[in-house]
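Undergrad: Dropping the structure in here first, questions after.
We did not get these values from a lab; they are worked out from the coordinates using the rules stated. Fair warning: this is a prediction, and the values are worked out from it, not measured in the lab. Using ideal geometry, Cβ is built from the backbone for each residue, glycine included, and neighbour counts are taken over all protein chains shown.
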Amino acid sequence: MNPIGILRALFLNRIRLLEELGAKVPRIGRATFGRLSVVLVKTPELVPEVLIERAADYQKTALLRLYARPLLGDGLLLSEGEQHRERRKLVAPAFAHQRVSKYADAMREQAEAAQSGWRDGAQVDIAHEMMRLTLGIVGKTLFDVDLLDRAATLGRDIAVLQDALMIQMRLPFQLPMRRSNQAAVDRLNQTVYGMIRNRRASGIDNGDVLSMLLLSVDEETGEHLTDEQVRDEAMTLFLAGHETTAQAMAWSWYLLTKHPVHFARLRREGMPFALQVTKEAMRLYPPAFLLARMALRDTLINGFEVRKDEVVFIAPWLLHRDPRNFEEPLRFDPDRFLPEREARLPRFAYLPFGGGRRICIGNQFALMEGQIILSTIAQHVGMDLLSREPIGLKPLLTLHPKNGVTVRIRRHA
Ligand code: HEM
């Protein structure tokens, strides 16, 4: 198999492959597949060398760039080097602490509205509902647009494209873009370009991300970002900003239905406990279950030689389930994230948001959103799990529950 073919195979069964690799590698090790080799970093103390100290020796993988570029362009997630540094500086103020706390009201309102549509006894796919909710929240907070009327189409388009991406990755040759996929890209583009046009036309600076992007000026050239550049950033935030959080919420509700004691505690204790649940759910089911980097040159990880073009895997899935890092790792125990206990966790053993210069820019946003969604909804409803177990894993770009998570709603009086 050629290297791209092998990488595709790796992408296909990534959870199984990771576990097989992980079983053979105690701290750090290499698996070779023909000409391609992968270095797995399995202990937390080696992580900072890749993500921080020698981060300049790596880039995101070629495969990711190849497949995600049509959708995300040169946005923050895919840009590299100087361009990444500049863009990050530009977008960062939108995620500063004071600003993120201003988004709380919008998050609460949308969570209230979402649950108000669920009748007592109704069967809902909570994974689907969370996708809709987080899409609405990103639209409102970052772009001040109401996406709920279009949520169904947008959600479908995004799902279609992720599936197409996964199918393409399985094949040794490049498929021409299917009409239905192109139509999905076109619709997403229309939405984003529509937002840009309307905002430019209105000339209003309402201080959200979209205004910030449109008004920003390049320090050296003095030029504004082009519509296309704004589109790449907006699309990146739009996609990176709702899919992941939706998965974290879907797994949270799943775990809560399995542990009614904790569900009851959530209703009683509200926000602080909701934060613990969000974090613990992302430990067991990290939406970004695998971080991958490609070496730009020969380099070292604590003396271990990494060769140019090798791919380095850091797997939250393995780190989070390693008994060396977490006692009884398979047990759902939100109290691991009581502040005093969280402070004692080994550094870099818990990486739901990655680390170093490319750490998730939305991490505070996501944690606040998770805690507001869980605590708000739990005030109004309980849930019983209807999905047959075990819930399958569907590792797309993020870790989905395979057939959603179906629950029956119990409204509180
Ligand atoms: C539970 C929710 C989330 C999870 C688990 C998550 C996870 C991650 C991870 C692991 C990375 C780093 C990837 C790597 O190093 O290869 C990342 C990057 C990123 N995330 Fe998130 N994310 C979440 C929510 C959000 C939100 C709410 C936003 C924006 C509104 C966002 C925007 C981004 C962006 C723009 C990047 C690229 C940052 C850069 O490369 O400089 N994410 N995310």
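Undergrad: Going by how many other Cβ atoms sit within 10 Å of their own, how do 97, 259, 242 line up, fewest first?
TA: Result, fewest neighbours first: 97, 259, 242.
Undergrad: Separate question: Which shape class applies to the stretch 215-325: rounded if a/c is under 1.5, otherwise prolate when a/b exceeds b/c and oblate if not, where a ≥ b ≥ c are the square roots of the Cα gyration tensor eigenvalues?
TA: oblate
Undergrad: Something else: Counting only residues 5 or more places away or on other chains, whose amide H sits under 5 Å from the amide H of residue 304 once H atoms are built in the peptide plane?
TA: none
Undergrad: Give the lysines reachable from residue 140 as a straight Cα distance under 26 Å; neighbours fewer than 8 places away on the same chain don't count.
TA: Within the straight-line limit of under 26 Å, residue 140 reaches these lysines: 89, 102, 279.
Undergrad: Give me the net charge of residue 207's neighbourhood, meaning all other residues with Cβ under 10 Å from the Cβ of residue 207; Lys, Arg count +1, Asp, Glu -1.
TA: -1
Undergrad: By its C-alpha gyration tensor, with a ≥ b ≥ c as the square roots of the eigenvalues, how is the stretch 75-116 shaped: rounded for a/c under 1.5, else prolate for a/b larger than b/c, else oblate?
TA: oblate
Undergrad: Return the long-range amide H neighbours of residue 312 (sequence gap of 5 or more, or a different chain), with a cut-off of under 5 Å between placed amide H atoms.
TA: 39, 293, 294, 295
Undergrad: Once Lys and Arg get +1 and Asp and Glu get -1 on their Cβ, which of 40, 221, 98 lies farthest toward the positive end of the dipole of the chain?
TA: Going by the Cα projections, it comes out as 40.
Undergrad: Still on this structure, I have one more. Under 12 Å between alpha carbons, and skipping anything fewer than 8 positions from residue 42 in its own chain: which aspartates and glutamates qualify?
TA: Partners found: 19, 322.
Undergrad: Go ahead and estimate [θ] at 222 nm for the chain from helices alone: -39,500 (n - 2.57) per DSSP H run with n ≥ 4, summed, over the residue count, rounded to 500.
TA: -16000 deg cm²/dmol
Undergrad: Roughly how many debye, to the nearest 20, is the charge dipole of the stretch 78-210 about its Cα centre, given +1 on each Lys and Arg Cβ, -1 on each Asp and Glu Cβ, and no other charges?
TA: Roughly 400 debye for the stretch 78-210.
Undergrad: Right, here's the next one. Note down the magnitude of the dipole of the chain about its Cα centre, charges +1 on Lys and Arg C-beta and -1 on Asp and Glu C-beta and zero elsewhere, to the nearest 20 debye.
TA: 1180
Undergrad: For labels at residue 331 and residue 300 in the simple 7 Å Cα→Cβ model, what's the distance in nm?
TA: 4.1
Undergrad: Return 160, 47 ranked ascending by Cβ neighbour count within 10 Å, so the fewest neighbours appear first.
TA: Fewest-to-most Cβ neighbours within 10 Å comes out as 160, 47.
Undergrad: Here's another thing I want to ask about it. Enumerate the lysines that residue 394 could reach by cross-link, defined here as Cα to Cα under 19 Å, with residues fewer than 8 away along the same chain left out.
TA: 402
Undergrad: Towards the positive end of the charge dipole of the stretch 254-339, with charges on Cβ (+1 Lys, Arg; -1 Asp, Glu), say which of 311, 329, 259 has the farthest Cα.
TA: 259
Undergrad: On to the next question. Is the shape of the stretch 259-387 rounded, prolate or oblate, going by the alpha carbon gyration tensor and its root eigenvalues a ≥ b ≥ c, with a/c under 1.5 for rounded and a/b larger than b/c for prolate?
TA: prolate
Undergrad: Can you work out the PRE-style zone for residue 83? Point 7 Å along Cα to Cβ, and I want the residues of the stretch 31-67 with backbone N under 19 Å.
TA: Correct set: 56-67.
Undergrad: What residues have an amide H closer than 5 Å to that of residue 383, excluding those fewer than 5 places away on the same chain, when H is modeled at 1.01 Å from N in the peptide plane?
TA: Counting only residues 5 or more places away or on other chains, the set is 410.
Undergrad: Sort 271, 282, 212 so that the residue with the fewest other Cβ atoms within 10 Å of its own Cβ comes first and the one with the most comes last.
TA: 271, 212, 282
Undergrad: Tell me the label-point distance for the pair residue 413, residue 156, using the 7 Å Cα-to-Cβ offset, in nm and rounded to one decimal.
TA: For residue 413 paired with residue 156, the spin-label model returns 4.2 nm.
Undergrad: A further question on this structure: Counting GluC sites (Glu not before Pro) as exposed when in a DSSP loop with at most 14 other beta carbons within 10 Å, what is the longest stretch of the chain free of them?
TA: It works out to 81-218.
Undergrad: Something else: Would you mind calculating the relative contact order of the chain from Cα pairs under 8 angstrom and at least 6 residues apart, reporting the percent as a whole number?
TA: 26
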